[in-house]
Amino acid sequence: MIVLGIETSCDETSVAVVDGKGRVLSNVVASQVAAHAAYGGVVPELAARAHLENLPAVFEEALAKANVSLSDIGLVAPTAGPGLIGALLVGLSAGKALAFARRVPLIGVNHLEGHLYSAYLKTGGEPARAIEHPFHGLVVSGGHAELVRVEGERIVPLARTRDDAPGEAFDKVARRAGLPYPGGPIVDRIAARGDGSRYPLPVGRVSDGSEDFSFSGLKTAMLREFERRGVDGSPLDATDLPGDLADLFASFQRAIVTALLQRLEAVHEREGIRRLALSGGVAANSELRATLSRWGEESGVSVLLPERSLTTDNAAMIAWAGLLRFRREGAPPLEAVAARSRWPLGTA
Ligand code: KG4
Ligand code: ZN
């Protein structure tokens, strides 16, 4: 079985070819970061147009790199949601046209489900790792923070963010400091030179006893710290920051990692986590990876970290999640698949 994955939910245009064993035969990603950089965030209308422009070449390159032709494709798996509706429609419509013309099945993939299983994928031509149930999944990205328990067919949501996603907090705080978009990787590098224990910042907890995440208080605290230091959003050189600011960014990153770790610990205490699959763009963060690995060793949890190239949006994870779903429940009729801006994990 050869699966063609298509990802256009946000600002990455990606097409991938994955085989029945989860081998990534190709995974081409065209980033639109440059197109949105001037606006400090993703502009939906620009994103949709750029997907339309990029998709044909990305598609050709993915087939060529995988050394497959159109007639080899047995399943088409575009992202159907959640995401920017205009952006989603580009990839989904292309996928539908292909599935219709080639008379092959199509699965509309939940983008978050793509992230969720991405820790099981390997690059370098190796088959995917075997999935053992139950496992817990922590998806942390620019749009989402979701902690779920996966029991075979069923995905049980345990916690999610009430306000900002962690990646969004990285991006917004960096932007307010005058650092370029996306802020996550830049803050990651700055924090490596700073002292994360220097400034105790609020680690958001919601007050109703749930394990939900909240990052808006932390963001506000950072904006106050910037104000006090006269950091007003004029461009900053990330490679040449005063030590005090490096410490502040390191403390900010520490607060995000601590918030995530505290929720994991609470859930582990309550229901015992045997395996944790980390995923999403923020899963590229060095401190988060190191902290969760250490925690896993100390608490007997097997922590699966995704390969860094598979943390941010890519079509390989979409193809793989599409194939897993196809094997569980087959494909619906083509006309039943619609793009959805909202689509919580664990719902049909
Ligand atoms: O998964 P993704 O590509 O898109 C969404 O589905 O949202 O995640 C992008 C997010 C951005 O907010 C970016 O700043 C963040 O992931 N990110 C990081 C790192 N690399 C990317 N955040 C923290 N540390 C990183 N190294
Ligand atoms: Zn994503």
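Values in this text are rule-based calculations from the coordinates and carry no lab data. Since the model is a prediction, treat every value here as computed from it, not as a measurement. So basically every Cβ, Gly included, is an ideal-geometry build from the backbone, and we count neighbours across all protein chains shown.
Report the extension gain between residue 163 and residue 239 in nm, rounded to one decimal, defined as 0.36 nm multiplied by the number of residues separating them, less their alpha carbon distance.
Details: separation 76, 0.36 × 76 = 27.36 nm, distance 3.05 nm.
Computed gain between residue 163 and residue 239 is 24.3 nm.
Largest first and in whole Å, what are the equivalent-ellipsoid semi-axes of segment 47-109 based on the Cα gyration tensor, each being the root of 5 times an eigenvalue?
Values: eigenvalues 78, 45, 16 Å².
Taking √(5λ) for each Cα gyration eigenvalue gives 20, 15, 9 Å.
I need the Kirkwood Rh of segment 193-348: take the reciprocal of the average 1/r across all distinct C-alpha pairs and report it in angstrom. Present the calculation step by step, with values, prior to reporting the outcome.
Values: mean 1/r = 0.0533 Å⁻¹.
Answer for segment 193-348: a Kirkwood hydrodynamic radius of 18.8 Å.
Give me the mean projected area, in nm² to one decimal, of the convex hull enclosing the Cα positions of segment 92-136.
Values: hull surface 18.5 nm².
Across all orientations, segment 92-136 yields a mean hull projection of 4.6 nm².
Give me the extension gain from residue 197 to residue 294: residue separation times 0.36 nm, minus the current Cα-Cα distance, reported in nm with one decimal.
Working: separation 97, 0.36 × 97 = 34.92 nm, distance 1.77 nm.
Gain on extension, residue 197 to residue 294, equals 33.1 nm.
Using each residue's phi in segment 255-260, evaluate 6.51 cos²θ - 1.76 cosθ + 1.60 at θ = phi - 60° and report the 3J(HN,Hα) Karplus result to the nearest Hz, with x for Gly and Pro.
Taking θ as phi minus 60°, the curve returns 5, 5, 4, 5, 4, 5 Hz for segment 255-260.
Quick one: angle between helix 85-102 and the longest Cα principal axis of the chain, in degrees between 0 and 90, rounded to 10, please.
Once rounded, the angle reads 20 degrees.
Along Cα→Cβ, 7 Å out, is where each label goes; now give me the distance between the ones at residue 265 and residue 21 in nm to one decimal.
Result: 4.2 nm between the two label points.
Extent of segment 1-80 along each principal axis, from alpha carbon coordinates, in Å, largest to smallest?
Reported extents, whole Å, longest axis first: 41, 21, 17.
For every other residue with a beta carbon closer than 13 angstrom to the beta carbon of residue 286, add +1 if it is Lys or Arg and -1 if Asp or Glu, then tell me the sum. Mind showing how you got there, number by number?
On the way: positive: 189, 193, 254, 289, 294, 308; negative: 188, 287.
Surrounding charge for residue 286 is +4.
By how many nm would the segment from residue 1 to residue 53 grow when fully extended, if each residue of separation counts as 0.36 nm and the alpha-carbon distance is taken off? Show your work: numbers first, answer last.
Numbers: separation 52, 0.36 × 52 = 18.72 nm, distance 2.87 nm.
Answer, rounded to one decimal: 15.8 nm.
Between residue 342 and residue 34, what is the label-point separation in nm under the 7 Å Cα-to-beta-carbon projection?
Each label point is offset 7 Å from its Cα along the Cβ direction, giving 3.7 nm.
Between residue 64 and residue 154, how high is the FRET efficiency from 1/(1 + (r/R0)^6) when r is the Cβ-Cβ distance and R₀ = 41 Å? Nearest 0.05. Intermediate results must be reported in sequence, preceding the final value.
Values: r = 39 Å, r/R0 = 0.94.
After rounding to 0.05, the efficiency reads 0.60.
Report, by chain and number, residues whose modeled amide H sits under 5 Å from the one on residue 75, excluding near sequence neighbours (fewer than 5 apart, same chain).
Result for residue 75 returns 2, 4.
List residues of segment 118-153, by number, whose backbone nitrogen lies under 18 Å from a label position 7 Å along Cα→C-beta of residue 309.
Flagged as within label range: 118-129.
What is the Cα convex hull volume of segment 109-263 when expressed per residue in Å³?
Details: hull volume 21.5 nm³, N = 155.
Normalising the Cα hull of segment 109-263 by residue number yields 139 Å³.
Ignoring GluC sites (Glu not before Pro) that are buried or in helix or strand per DSSP, and keeping those with at most 14 other beta carbon atoms within 10 Å, what is the longest stretch of the chain between them? Could the numbers behind the result be given before it?
Values: sites that count: 132, 153.
Value returned for the longest uninterrupted segment is 154-348.
At q = 0.20, 0.25 Å⁻¹, work out log10 I(q)/I(0) for segment 297-347 with the Debye formula, treating every Cα as an identical point scatterer and leaving solvent out; two decimals please.
Taken in order of the listed q values, log10 I(q)/I(0) reads -1.00, -1.18.
Could you name the aspartates and glutamates in cross-link range of residue 96, using Cα to Cα under 16 Å and dropping any fewer than eight places away on the same chain?
List returned: 7, 335.
Which residues' amide hydrogens lie under 5 Å from the amide hydrogen of residue 277, considering only partners 5 or more residues apart or on another chain, with H built in the peptide plane?
Close amide H contacts, sequence-distant or interchain: 136, 137, 138, 304.
From the P(r) of segment 138-211, can you give the percent of Cα pairs sitting at distances over 14 Å? Show your work: numbers first, answer last.
Numbers: 1895 of 2701 pairs.
Result: 70 percent of Cα pairs exceed 14 Å.
In what order do 199, 120, 39 fall by count of nearby beta-carbon atoms within 10 Å, going from fewest to most?
Numbers: 199 19, 120 23, 39 11.
The order, fewest Cβ neighbours first, is 39, 199, 120.
Would you kindly derive the ³J(HN,Hα) couplings of segment 300-315 from the backbone phi angles with the Karplus curve 6.51 cos²θ - 1.76 cosθ + 1.60 (θ = phi - 60°), listing them in order in whole Hz, with x for Gly and Pro?
With coefficients 6.51, -1.76 and 1.60, one gets x, 9, 7, 9, 9, 9, x, 4, 4, 5, 9, 7, 7, 4, 7, 8 Hz.
By how many degrees, 0 to 90 and rounded to 10, does the Cα axis of helix 44-66 deviate from the longest principal axis of the chain?
Taking the Cα atoms of the chain, the angle to 44-66 is about 60 degrees.
Can you work out ³J(HN,Hα) from phi for every residue in segment 316-333, in order, using Karplus 6.51 cos²θ - 1.76 cosθ + 1.60 and θ = phi - 60°, giving whole Hz and x for Gly and Pro?
Going residue by residue, I get 5, 5, 6, 4, 5, 5, x, 5, 4, 5, 4, 5, 6, 9, x, 9, x, x Hz, with x marking Gly and Pro.
Taking just the C-alpha trace of the chain, give me its Rg and Dmax in Å.
20.0, 62
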